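One structure is given below, encoded as structure tokens.
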Amino acid sequence: MWSIEGEIPLVYTQGLVVYSENTWNKLLKVWPCFLIYCALVDKYQLPFSKALLPVYKEQKDIVYLSPYLTNPMQKLTSFLEYYESTRHHPSPLMPDWLEAIIQGDQEKLQKQMDQIFQSGQFNYTDETAQWLFNSDNLPDAEGLIRTWQPIAHQLFDDLYQAWGKK
């Protein structure tokens, strides 16, 4: 059983306001908070809309984003289980790679991985990370998609269907 303590700021009857651009990568960062918000709205039958309202300084109009969440508590529980597992095992479900994994696009994922691993952008001082991602032990796009695509769909498909699909 999980226990989460804290505050969810900027809750209005229209939904949860977040200071974020209306982009897939940016909204991924607020997804856990939004799951908590939606789970609370359902559990306590609160009179709030289950909408996400991203606001940023260049924005002219408010955008109401309402993904269809069939069971926010179940989604939140799955996300927390995933979070717990990533404390012990690395996860490739990073914002830059997630869309390619969900789409099953091996070529796109491989290009993104090559940009990091072969361009020198992967500069970790942690010895374990250096060993894990040495040039002889790099993950392959096909294997990552095969292993992680079902998990990505389970955790992020509602978000992707609402905002990531182009």
Report summary line: Ordered by fewest other Cβ atoms within 10 Å, a rough proxy for footprinting exposure, S3, S66 read S3, S66
Requested in this report: For Y56 and Q161, compute 0.36 nm times the residue count separating them, minus their Cα-Cα distance, and round to one decimal in nm.
Outcome: 35.6 nm
Query raised in the report: For the residue pair M94 and L46, what label-to-label distance in nm results when each label sits 7 Å from Cα along the Cα-to-beta-carbon direction?
Result: 3.3 nm
Query raised in the report: Once both labels are modelled 7 Å past Cα along the beta-carbon direction, what's the Q14-T70 spacing in nm?
Result: 3.1 nm
Query raised in the report: Looking at this model, which pairs from K26/K75; K29/K108; K29/K75; K26/K111; K50/K108 are more than 26 angstrom apart at the alpha-carbon?
Result: K50/K108
**Report entry** Loop GluC sites (Glu not before Pro), the stretch 1-106, which have at most 11 other Cβ atoms in a 10 Å radius of their Cβ (DSSP)
**Finding:** E5, E7, E58
**Report entry** Extended-chain gain in nm, criterion 0.36 nm per residue less alpha-carbon gap, S85 and E5
**Finding:** 26.8 nm
Query raised in the report: Taking amide hydrogens as modeled 1.01 Å from N in the peptide plane, which residues meet the under 5 Å criterion relative to V18, leaving out close sequence neighbours?
Result: L53, V55
Report task. Starting from the Cα-Cα distance between K111 and E21, subtract it from 0.36 nm times their residue separation and give me the gain in nm to one decimal. Result -> 29.9 nm
Report summary line: Exposure proxy check on F117, F34: fewest-to-most Cβ neighbours within 10 Å is F117, F34
Query raised in the report: Which whole-Hz ³J(HN,Hα) couplings does the stretch 107-112 yield from phi under the Karplus relation 6.51 cos²θ - 1.76 cosθ + 1.60, θ = phi - 60°, glycine and proline marked x?
Result: 5, 4, 5, 4, 4, 5
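Bear in mind these aren't lab numbers, they're just calculated from the coordinates by the rules spelled out. Just so you know, these numbers come straight off a predicted model, no measurement behind them. Cβ coordinates were reconstructed from backbone atoms using ideal geometry, including for glycine residues, and neighbour counts include every protein chain displayed.
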